[in-house]
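Structure, as structure tokens:
The values are calculated or read from the model by the stated rules, or taken from the named source; none is laboratory data. Since the structure is predicted, the reported quantities are computational estimates derived from the model, not experimental observations. Heads up, the Cβs are rebuilt from the backbone with ideal geometry, glycines too, and the neighbour counts pull from every protein chain shown.
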Number of protein chains: 2
Amino acid sequence: MPTSTRFAVATHILTALAVTEGKPLRSEDLATSVNTGAVVIRGLLSRLAEAGLTRSQLGSGGGALLAKAPNEIRLLDVYRAVEDTELFTVHRQPPCAECPVGANILAAINPVLTRAQTAMEAELGRTTIAEIAARVNAAAHV
Amino acid sequence: MPTSTRFAVATHILTALAVTEGKPLRSEDLATSVNTGAVVIRGLLSRLAEAGLTRSQLGSGGGALLAKAPNEIRLLDVYRAVEDTELFTVHRQPPCAECPVGANILAAINPVLTRAQTAMEAELGRTTIAEIAARVNAAAHV
DNA sequence: TTTGTGTGTCGATATCACTATTACACACAT
DNA sequence: ATGTGTGTAATAGTGATATCGACACACAAA
């Protein structure tokens, strides 16, 4: 049950904005760095802006900017901004309601799945874009 | 991204086998309870048998059986047996190797993703099929 | 005010993983 | 020997995602 590439790409975007410290980056520039189309970037920027993580400078010399300090953007915020499917998917078609197991299995496993997702999200909440940017800077500075 | 229902269905299968305590269940019976085709069940049973969680009784009156005690099967074992994609997918096409960010972003975020996945798996390791079966029994016993 | 630039969004196409279904050879129990 | 059930292959269908081209709108600069 994989996540989409949106989370990884969105983190890439925010990290790039953090590394270039306040200089607006065009969606086309970001697309080059990510190696994808500009439309993909714009779609993600739209979600990130809606979540209050980025803003856009229109007109010539414009581009995307961070709306918050890098150390105030947790990876969990990014995850929630761009990922919309549940981590665990259950039965596509509801199981047999007459069977003892089918009628109760979903209620029985849901608490466990919720706990597992919460544990994962808690871990994502411990890292910020600032830390990722620092790691990228250190690696690129060699 | 088409997320897989395999984990939920496999848990359903094992719970059903645990609830019926040693009586072989045919893949067709399990398919009815899950509300899917028998081939889907067989495919999952094949993976579960390979992981040492189930075994099959051939011939008339046969079917699937648990190969271990329900309290020795953790949900983590089920997850690993049937789910083969990574939890987090990164860039589909590798990012620009010339850009400072593109060249280092994957190495920078990988440790975080690994920690998040580990936290999720640790949570799945705390629950066994026996507990799920008990919860289903309690709900069905009303 | 005019011009240029970049965003934001729509629609169509391609791609991938997963599910569903049919079919059939093989193994075991009675 | 017969019937039953498993295991696997092949195929088709589905849903989410990614990719590409195009265009209206907003802002900045001259």
With criteria (1) more than 13 Å from DNA strand D (Cβ to nearest atom); (2) closer than 20 Å to B:Ile132 by Cβ; (3) within 9 Å of another protein chain (Cβ to nearest Cβ); (4) not β-branched (Val, Ile, Thr), B:Glu86 comes up short on (2)
From the list B:Ala64, B:Ala81, exactly one residue is assigned to a helix (DSSP H, G or I) and either at the interface with chain A (Cβ under 9 Å from one of its Cβ atoms) or under 21 Å from A:His91 (Cα atoms) (or both). Which is it? B:Ala81
Across region A:82-97, what is the total count of residues that are over 19 Å from A:Leu124 (Cβ atoms) and free of Cβ contacts under 8 Å to residues at least 60 places away in the same chain? 8
Checked region B:35-58 for anything more than 14 Å from DNA strand C (Cβ to nearest atom) and charged (D, E, K, R); matches are B:Glu50
Quick one: is B:Ile13 farther than 30 Å from A:Arg6 by Cα and either in a helix (DSSP H, G or I) or touching a helix residue (DSSP H, G or I) at 6+ places or on another chain (Cβ under 6 Å) (or both)? yes
Does region B:17-34 contain at least one residue that is more than 13 Å from chain A (Cβ to nearest Cβ), away from DNA strand C (no atom under 14 Å from the Cβ), out of contact with any Pro (no Cβ under 8 Å at 6 or more places or on another chain) and outside any loop (DSSP other than H, G, I, E, B)? no
Restricting to region A:65-103, name every residue that is of a type in the set (D, E, K, R) and under 17 Å from the mean Cα position of the chain (by Cα). A:Lys68, A:Glu72, A:Arg74, A:Asp77, A:Arg80, A:Glu83, A:Asp84, A:Glu86
Checked region B:48-61 for anything crowded, with 19+ Cβ neighbours inside 10 Å and in a helix (DSSP H, G or I); matches are B:Leu48
What tally of residues in region A:40-55 results from selecting those that are within 12 Å of DNA strand D (Cβ to nearest atom), away from every other protein chain (no Cβ under 14 Å) and more than 20 Å from A:Ala133 (Cα to Cα)? 3
Looking only at residues that are at pLDDT 95 or above, more than 7 Å from chain A (Cβ to nearest Cβ) and not in a helix (DSSP H, G or I) in region B:116-142, which one is surrounded by the most Cβ atoms within 10 Å (Cβ to Cβ)? B:Thr128
Is it the case that A:Gly37 is within 13 Å of another protein chain (Cβ to nearest Cβ) and surrounded by fewer than 16 Cβ atoms within 10 Å (Cβ to Cβ)? yes
Looking only at region A:70-81, decide whether some residue is free of Cβ contacts under 8 Å to residues at least 12 places away in the same chain and either closer than 20 Å to B:Cys96 by Cβ or within 14 Å of DNA strand D (Cβ to nearest atom) (or both). no
Check whether at least one residue in region A:47-60 is touching a residue at least 60 places away in the same chain (Cβ under 8 Å) and under 17 Å from the mean Cα position of the chain (by Cα), and report yes or no. no
Number of positions in region A:81-95 that are more than 11 Å from DNA strand C (Cβ to nearest atom) and surrounded by fewer than 16 Cβ atoms within 10 Å (Cβ to Cβ): 3
